[in-house]
Amino acid sequence: MKLRRSNRNAPRAIEERNSITDRVAYSQQKDFKEWCRAKNFDDGDLIYEEKLRDFLIDYVFRRKKRIITAMSKDQPYLGEDAIGRYVFSIVQLHKQQIAQNINSYDNPNGPLVKEAIQEHLDKNPNLRKGLRLRYQEKGKKASSSTTLSRNDRHRRHSLNRNEPCIKQFMKLKSEMEAGINILSSLIQAEEDGHQLHIEKIRQTLMNMLDSSNIRSRSSAEAAAAASLISPTPSLENLTNASSLSLHDSVDLPDICTKKSPPKQSPDRSIRSVSDAWREYSIGTNGGLPLKYLEENFGMSWLKRDTPMNDYCFYERRKHLINLIKRIAKNENVSQEEVAERLEMERKARKVRLDKLSTILIDEGL
């Protein structure tokens, strides 16, 4: 009879086998040999499928555990894993007999053996490894499992120990975000109040000009000159203007001088929608908010003398700003929340900030 390939490789497998495997298998093979001697078989301990099935039914299924703990006292018999180890050990002994040319039978772990094991487990379902309590509590990858390395167990226990700190941090994070939103609202209200104060100063100067003998070439030029007053007029200019005599004739440019726009460029290093909105609304890196510059100086503060000038760059980013304002107004939510949503959309699409602006333009948003 031709031997199977696994049987031809049996001698090499026996030589390379782990010593721990040998010690475990030796004890179970010894039980099989003693059982064969007790039964007085004519062929001794020669292994084949029917004999392995009878060994399992007559000895292994009836054998109790050597150590019975409080958890296993209700079911003292061997479980599914132990039965499988017995079958494995007897199959290894069968391969040794094949290598020694004293056994010509096929692999004993055949349909009869598997059917007997299945029938035994069906009658005793609590022997299955998936239903035993100790495997539910100490399963693979559990923090108390011996299959984890020492570093893994230490990491798992560290996470459990730090769980209260993580929960506290998440609570503080939500409170911090609420505080940031309140602070942004206060800054917005302060900016609105600042603009209202500027309008009052302009109106006061216009009334002063109308009630005095100070005349320009036309009333339109006077209004234009008043509109050129600095958004934050100095106290010295206001004092000089208020001390003028109503009967003195002075030149308007001496009172109202146009303030040149500050030198500032959009931050090209910004990579997120949230940072872009923060730069526009409250300013970043000590710079003025782009909203303030745009409302008071238009686009004159942007550079136009470079190939990739600030004007083109800001126009592309301004589309995102306008989109945030429109969505916040339509949905009646905060603009910061809309910026966070667009940032999540950008991360989901895995695109750059400028590319997101182009995509939104193409989609008609």
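The values are calculated or read from the model by the stated rules, or taken from the named source; none is laboratory data. All figures in this text were calculated on a predicted structure; none of them were measured in a lab. Please note: Cβ atoms are built from the backbone with ideal geometry, for glycine as well, and neighbour counts cover all protein chains shown.
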Close pairs from the range 279-299: first not assigned by TED's automatic domain parsing to the domain that holds residue 322, partner modelled with pLDDT under 80 and in a helix (DSSP H, G or I), Cβ under 7 Å, at least 6 apart: none
Whether any residue in the range 311-326 is in contact with a Phe, Trp or Tyr (Cβ under 7 Å, 6 or more places away or on another chain) and of a type outside the set (Gly, Ala, Ser) is what I want to check. yes
One residue is enough: does the range 70-84 have a residue meeting the conditions in a loop (DSSP other than H, G, I, E, B), in the same structural domain as residue 31 (by TED's automatic domain parsing), more than 49 Å from the chain's Cα centre (by Cα) and at pLDDT below 90? no
Can you name the number of the only condition in (1) surrounded by 12 or more Cβ atoms within 10 Å (Cβ to Cβ); (2) among the charged types (D, E, K, R); (3) assigned to a loop (DSSP other than H, G, I, E, B) that residue 58 fails? (3)
Going through the range 302-316 in order, the residues found to be charged (D, E, K, R) and either at pLDDT 80 or above or surrounded by fewer than 16 Cβ atoms within 10 Å (Cβ to Cβ) (or both) are 303, 304, 305, 315, 316
For the subset of the range 257-301 comprising residues that are assigned to a loop (DSSP other than H, G, I, E, B) and of a type in the set (Lys, Arg), which member is modelled with the lowest pLDDT? 258
Which condition does residue 352 not pass, out of (1) out of contact with any Lys or Arg (no Cβ under 9 Å at 6 or more places or on another chain); (2) over 10 Å from residue 273 (Cβ atoms); (3) among the basic types (Lys, Arg), if it passes all the others? (1)
